[in-house]
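Before any comments, here is the structure.
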Amino acid sequence: MALNSRFQALQDQLKEEETTMKDNWKGIKEALTSTCQEVLETLDKIKEKKNRKTAINNSQTRAEKVQAQAEYIESNKQVKKSIRADKQKYVEELAMTAEKAAREGNVKQLYDMTKKLEGKYSKPERPVKEKGGRPITEIQ
């Protein structure tokens, strides 16, 4: 829901003024990252885990290294726990969407949600294309 309202604000802004593609992408990227940071605390925990890992590598004495490793292990446990909780929340949301689709009789959406829950199915991704129509294959 938070992401939808952010995209709605972006869409309103785009209608009001002419912007370039780079400005559009920056806005979309900013909306996604800020929403992810609000909704998922996991990103902050992952950054903290990376900082703990660099602290292990930068430690000078054996005692510092042991202390840094203990902190890293605890941080790693928190990251894994948070990821498991996020995954459980995601699966529950998919299940709720599937139930809603079943109640409404939307067979296509029900089939898609069932396949997502199964974990073996994904819709084919369409590549981003240049103005000429060729797919972009290189990172720019």
Task: Karplus (6.51, -1.76, 1.60) ³J(HN,Hα), θ = phi - 60°, over segment 64-71, in Hz, Gly and Pro reported as x - done: 4, 5, 4, 5, 5, 5, 5, 5
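Which order do 82, 34 fall in if you start with the one that has the fewest other Cβ atoms within 10 Å? Walk me through the numbers on the way to the answer.
Working: 82 17, 34 13.
The order, fewest Cβ neighbours first, is 34, 82.
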Open item on the list: As a footprinting exposure proxy, order 43, 110 by other Cβ within 10 Å, with the fewest listed first.
Closed with: 43, 110
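Going through segment 73-131, which chymotrypsin sites (Phe, Trp or Tyr not before Pro) have at most 12 other Cβ atoms within 10 Å and a DSSP loop state? Could the numbers behind the result be given before it?
Values: sites: 90, 111, 121; in loops: 121.
Taking segment 73-131 and a limit of 12 other Cβ atoms within 10 Å, the loop chymotrypsin sites (Phe, Trp or Tyr not before Pro) found are 121.
Taken together, the values in this text are just the output of simple stated rules run on the coordinates, not laboratory data. The shown structure was predicted, so the numbers you read here are calculated from the model rather than taken from an experiment. FYI the Cβ positions are ideal-geometry reconstructions off the backbone, even for glycines, and counts take in every protein chain you see.
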